[in-house]
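Peer 1: Here you go, one structure.
The values are calculated or read from the model by the stated rules, or taken from the named source; none is laboratory data. Worth saying up front: this structure is predicted, and the values here are computed from it rather than measured. All Cβ positions, even for glycine, are placed from backbone atoms using ideal geometry, and neighbour counts span all protein chains on display. Side chains included, ligands, DNA and RNA excluded: accessible areas come from the protein's heavy atoms. Shrake-Rupley method; radii C 1.70, N 1.55, O 1.52, S 1.80 Å.
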Amino acid sequence: MSTTGRKRAPRGGVEGEARPGRPALISREAIAVAALDIGLDGATLVRIAARLGVDHSSLYRHARSRDDILLAAADLAIGRLDWRSETEDWQDYLRTMAEAVWDLYETHPGLAQVLRRLGNTPQSGIEAFAEAVRRLEAFGFSTSDAALVVDMIIDMTTESVSAWQSLQQTREEGDTLGEKVAGAWSEAGRIDASIATALNTMAEVLRSHPRQWWRRKLEVILAGAATLRPPDAQGGNG
């Protein structure tokens, strides 16, 4: 039988497969690491491939799309997160968890926005959520209330960091979006003195680092969570 026009498969394997014992140039984890190193807000396929020293088309052997790569990177980042604490105070436990989530988003710019946009929680995030719920159950919360509290804290933190990072973007005019919004609030206060105090308060929040304001939001959630916990439960401040 003629073999003219047909490519012969390499000896010992199927065409396109790596030969036995030949190490792969890249892996899914290496791609995820490269995306995190670049920053998820700027991790394009071309930049990831360049960092790994390969052609961008080779990335598709390990990931279906850029979104798939970003999800893998998010999974890796969350899996590395040190958020657990051995405290016997449920409020301190949640504060430690929340602060760790903020640090995670601040360390990896674009991660908060990626999670919001993809609408898909990485496996490491699912496991961490379940573990936090179980810990709150041990503190006396019902499963439903524990899930509610953890979900509220993560949602609020994700939204707060995502909004703050968006406000830090520099506009063509040279200022940031946050400075523009803060200026608009201050101007509205000058027009109407009756609401100036409230508007100037928010303008100052927009001009400063938002972590302290976020922490005040967290304390409000914790105060509300305290009302869901049975008064005779062990651990915490009531």
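Peer 1: Of Gly224, Gly174, Leu199, which is farthest towards the positive pole of region 153-227's charge dipole, taken about the Cα centre with +1 and -1 on the beta-carbons of Lys, Arg and Asp, Glu respectively?
Peer 2: The listed residue farthest towards the positive side: Gly224.
Peer 1: Gap in Å between the Cα centre of region 157-177 and the Cα centre of region 28-54?
Peer 2: 23 Å
Peer 1: Divide by every residue of the chain the summed helix terms, -39500 (n - 2.57) for each DSSP H run of at least 4, and state the resulting mean residue ellipticity at 222 nm, rounded to the nearest 500 deg cm²/dmol.
Peer 2: -19500 deg cm²/dmol
Peer 1: Okay, moving on. Measure nothing fancy, just the Cα-based angle from helix 177-191's long axis to the longest principal axis of the chain, in degrees from 0 to 90, nearest 10.
Peer 2: It is inclined by approximately 20 degrees.
Peer 1: When volume of the Cα convex hull per residue in Å³ is calculated directly from the model, which label among [x] 167; [y] 118; [z] 196 fits?
Peer 2: [z]
Peer 1: Further question: Residue by residue, what Karplus-based ³J(HN,Hα) values in Hz, rounded to whole numbers, does region 29-35 have, using 6.51, -1.76 and 1.60 with θ = phi - 60° and x for Gly and Pro?
Peer 2: 5, 5, 5, 5, 4, 4, 4
Peer 1: Which of the trypsin sites (Lys or Arg not before Pro) across region 40-93 are loop residues per DSSP, with 10 or fewer other Cβ within 10 Å?
Peer 2: Qualifying residues, ordered by number: Arg64.
Peer 1: Taking Cα atoms, how many degrees apart are the long axis of helix 196-207 and the longest axis of the chain, rounded to 10 and kept between 0 and 90?
Peer 2: 30 degrees
Peer 1: Hey, another quick one. Hey, what do the phi angles of region 116-121 turn into as Karplus ³J(HN,Hα) couplings, whole Hz, using 6.51/-1.76/1.60 and θ = phi - 60°, x for Gly and Pro?
Peer 2: 5, 6, 5, x, 9, 8
Peer 1: Between Thr176 and residues 5 or more places away or on another chain, which pairs have amide H atoms under 5 Å apart, with H built 1.01 Å from N, and which residues are they?
Peer 2: Here Arg171 satisfy the definition.
Peer 1: Whole-Hz Karplus ³J(HN,Hα) for region 144-152, in order, using 6.51 cos²θ - 1.76 cosθ + 1.60 and θ = phi - 60°, x for Gly and Pro?
Peer 2: So the Karplus estimates, Gly and Pro as x, are 5, 5, 4, 4, 4, 5, 4, 4, 4 Hz.
Peer 1: Send over a whole-number figure in Å² for the accessible area per residue of the chain, probe 1.4 Å.
Peer 2: Ligands and nucleic acids excluded, the result is 60 Å² per residue.
Peer 1: Please compute the modelled spin-label separation between Arg190 and Ser27, points set 7 Å along Cα→Cβ, answer in nm with one decimal.
Peer 2: Rounded to a tenth, the inter-label distance reads 5.9 nm.
Peer 1: For Thr143 and Glu127 in the same chain, what is the full-extension length gain: residue separation times 0.36 nm, less their Cα-Cα distance, in nm?
Peer 2: Additional length available on full extension: 4.2 nm.
Peer 1: Give me the log10 of I(q) over I(0) for region 51-92 at q = 0.14, 0.18, 0.27, 0.31 Å⁻¹, as the Debye formula computes it from C-alpha points; what are the numbers?
Peer 2: -0.51, -0.65, -0.97, -1.04
Peer 1: Follow-up question, since we're still on this one. List residues of region 94-135, by number, whose backbone nitrogen lies under 13 Å from a label position 7 Å along Cα→C-beta of Asp41.
Peer 2: Hits in region 94-135 for Asp41 at 13 Å: 105-114.
Peer 1: Figure the gain on full extension for Arg211 and Arg171 (residue separation times 0.36 nm, minus the Cα-Cα span) and round it to one decimal in nm.
Peer 2: Result: 12.1 nm gained on full extension.
Peer 1: Please compute, over every Cα-Cα pair in region 133-238, the percentage with a separation greater than 19 angstrom.
Peer 2: Of the Cα pairs, 58 percent sit more than 19 Å apart.
Peer 1: Leaving out ligands, DNA and RNA, what percent of the accessible area of region 68-159 is carbon and sulfur, probe 1.4 Å?
Peer 2: 51 percent
Peer 1: Comparing Ile195, Ile78, Ile48, which has the greatest mean-square fluctuation in the GNM of the chain with Cα pairs linked when under 10 Å apart?
Peer 2: In this elastic network of the chain, the residue with the biggest mean-square fluctuation among Ile195, Ile78, Ile48 is Ile195.
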